[in-house]
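Remarks on the structure that follows.
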Amino acid sequence: MRIELNSGGLTGTASLSTMQSEITALLGGADVFLSALRSVKSYTCNINGGVGSLQGALDEVELRIQTAETASSNLNAAKDKIGSFIELTKTVDLTVSGLVNRNKHEFYNLNEWSRPPQKEEEKEWYEKLYDWACGVGDSIAETAQKAWNGIKSFCSSVKDKLDEWFAEFQEWWKDHTTITPMSIEDEVFDSNHPDYYGGKQHGPKNNINADGVITGKEKAYLDLIQKNTGRDTSKWTEQDLKDYLDASYKYNPNTGKKEVDVPGLNHQGCEYQALVNTIFEYYIHRENGETEFYQKFGYTLRDENGNLNYEIALVDLYSKNEEPNIDGLTDEAAEKIIERYMGDSGNDGNSSVSVDMKRNQHITVNNIDNYLRSGKQVIVSSQRYILYDEAGKQRSCGGHAMVITGVTKDGRYIVSSWGDKYYIDPKDVGKKVTWTDSDGVYHEDTVKKMAFSTLEYK
């Protein structure tokens, strides 16, 4: 750090040190001038026969000597003050520089603009400590304790600061090395419920009776679709409704197979169902959640059988925000849909709910419990991965999204999919998977990296 002072403002060219040098030169000239005046005075006073008529001139010389002496004295004073000021500036500069070096982390936190650029590969001290600890043969606990004891003995004079740093390190260590098993168990994600561990995206499609008569939930679905899309559903058949809730297909003469023509709810609804699960998870934990739910959506939280009204909510969300895409919703589209859907004023005109959904790639099996315990909900998605049911049976899955409800001791995510509990092992990423689809076609692929999004209702 360096303090630079210029005379004449920021654009001045004469520095104070230069001015000090010029004053010294001026003082030298003044001394020569005074010496000459004194010589004239002495010579005049010593003229044979006395001063006589030169007395007036002598008085003028004396006055000039006094004036020159005063000017010289003032110049000396100015020179001394400038010198003192420069020395003071240097002292302050060194003092501030020393304080900044001793307290640079606090200084940079308060004055972010002054922080020098850092290399991207530079790691935090505790990350370096972790890398070092991983190479030591002792157990994690012993290694961490040895590291801590060494640091404390070396830096005991700053114990309070070290305690703060070590607490931060312990939290970081836990989030990178420790798995804290936990699982959400409530009315939405009930492991003991015979039918529902979260909602089913195929639920609405399965409620179509195909008996030629529009009744019950079929009528409720049609009413919601007409209300939300503006389509005239009064003449829809059950097949029309089923196409909307599943997908419409057409025969492709080139392949000789039936292929999706227009994707429907069941075909692209996994992200919608995941969002619906988070909505119910929000309302069931509110003191007046049942009343607030009805005021917001215009239908009840539970159906006539006492089950959470997943299917009606799913059709409502989908028909209000449908974005036909054969590959399903993108994360960006899901963010816009849920924020718009919950931000709407609601059935009573006064039931807007703020929701913050954002992608988060910092989630791991080591820290997922922190997010879930803090009230955040987490959705995971991938283009290809393996699901394991309670019995360990594998199911290859592609282009799917689910709500994470917990983590196991052995480091697997617990998820809700199709109304059932499944498990995902992040260690499967990169593993080769094979499967045969419903048309009998054999496929090969590898398990893809997972993407995470957090949701927080406010």
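Results, tabulated for the structure shown:
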| item | result |
| --- | --- |
| In the range 411-428, the residues that are without any contact (Cβ under 8 Å) to a residue 40 or more places away in the chain and surrounded by fewer than 16 Cβ atoms within 10 Å (Cβ to Cβ) | Lys427 |
| Qualifying position, being assigned by TED's automatic domain parsing to the domain that holds Leu241 and closer than 25 Å to Asn192 by Cβ, among Asn347, Asn305, Asn366, Asn360 | Asn305 |
| Residues of the range 334-387 satisfying the condition of being without any contact (Cβ under 8 Å) to a residue 60 or more places away in the chain and of a type in the set (S, T, N, Q) | Ser345, Asn347, Asn350, Ser351, Ser352, Ser374 |
| Flag for Val403 being assigned by TED's automatic domain parsing to the domain that holds Leu241, surrounded by 14 or more Cβ atoms within 10 Å (Cβ to Cβ) and closer than 23 Å to His202 by Cα | yes |
| Residue count, the range 181-233 (criterion: without any contact (Cβ under 8 Å) to a residue 24 or more places away in the chain and surrounded by 18 or more Cβ atoms within 10 Å (Cβ to Cβ)) | 3 |
| Some residue of the range 342-349 being surrounded by 19 or more Cβ atoms within 10 Å (Cβ to Cβ) and over 24 Å from the mean Cα position of the chain (by Cα) | no |
| Residue that is nearest to the chain's Cα centre (by Cα), among those in the range 418-454 that are in a strand (DSSP E or B) and either outside the structural domain of Arg395 (by TED's automatic domain parsing) or of a type in the set (Val, Ile, Thr) (or both) | Thr454 |
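Residue-by-condition table, conditions (1) over 28 Å from the mean Cα position of the chain (by Cα); (2) modelled with pLDDT of 95 or more; (3) of a type in the set (Asp, Glu); (4) not in a strand (DSSP E or B):
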residue: Val353; (1), (2), (3), (4): no, no, no, yes
residue: Lys358; (1), (2), (3), (4): no, no, no, no
residue: Gln361; (1), (2), (3), (4): no, no, no, yes
residue: Leu372; (1), (2), (3), (4): no, yes, no, yes
residue: Val378; (1), (2), (3), (4): no, yes, no, no
residue: Met402; (1), (2), (3), (4): no, yes, no, no
residue: Lys409; (1), (2), (3), (4): no, yes, no, yes
residue: Val415; (1), (2), (3), (4): no, yes, no, no
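The values are calculated or read from the model by the stated rules, or taken from the named source; none is laboratory data. Here the structure is a predicted model, which means the values were calculated and not measured. Neighbour counts run over all protein chains shown; Cβ positions are idealised from the backbone, glycine included.
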